[in-house]
Amino acid sequence: MPFPIFEAMMLLCFGAAWPLSIMKSWRSRTNKGKSLFFMLIVFSGYVFGLCHKLLWQEKVDGAVWLYLFNLVMVGIDLTLYYRNRLLDKATDSVAGL
């Protein structure tokens, strides 16, 4: 099986957005504009894609690394989501909301 160039390009395109999302989450320190449901769906999609590559492919190819990289980036953004949720709650309690 040749290297899956189109799958790799898809993963690169999808993965290009995550560093920006992570940077926004880190700097803004809020969850405004973020969707936990969306991030969990994307995270699950990467997990399922990785499982397919590892369990049902005769030969594991380089796209596995792209799945792992994207999975880690979404995981970082999810971690920041929970940090920012705590910060939002603290801000709301100080503001008296």
Taking segment 19-49 and keeping residues of a type in the set (A, V, I, L, M) and over 10 Å from the mean Cα position of the chain (by Cα) leaves L20, M23, L36, V47
Out of the residues in segment 46-97 that are of a type in the set (D, E) and in a helix (DSSP H, G or I), which is modelled with the highest pLDDT?
D77
Residue in segment 1-30 that is surrounded by the most Cβ atoms within 10 Å (Cβ to Cβ), counting only those that are modelled with pLDDT under 95 and not in a helix (DSSP H, G or I)
P4
How many residues are in contact (Cβ under 8 Å) with a residue 40 or more places away in the chain, under 19 Å from P19 (Cα atoms) and exposed (fewer than 15 other Cβ atoms within 10 Å of the Cβ) when one looks only at segment 37-68?
0
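The values are calculated or read from the model by the stated rules, or taken from the named source; none is laboratory data. Just so it is clear, the structure is predicted and the values come from calculations on it, not from any experiment. Please note: Cβ atoms are built from the backbone with ideal geometry, for glycine as well, and neighbour counts cover all protein chains shown.
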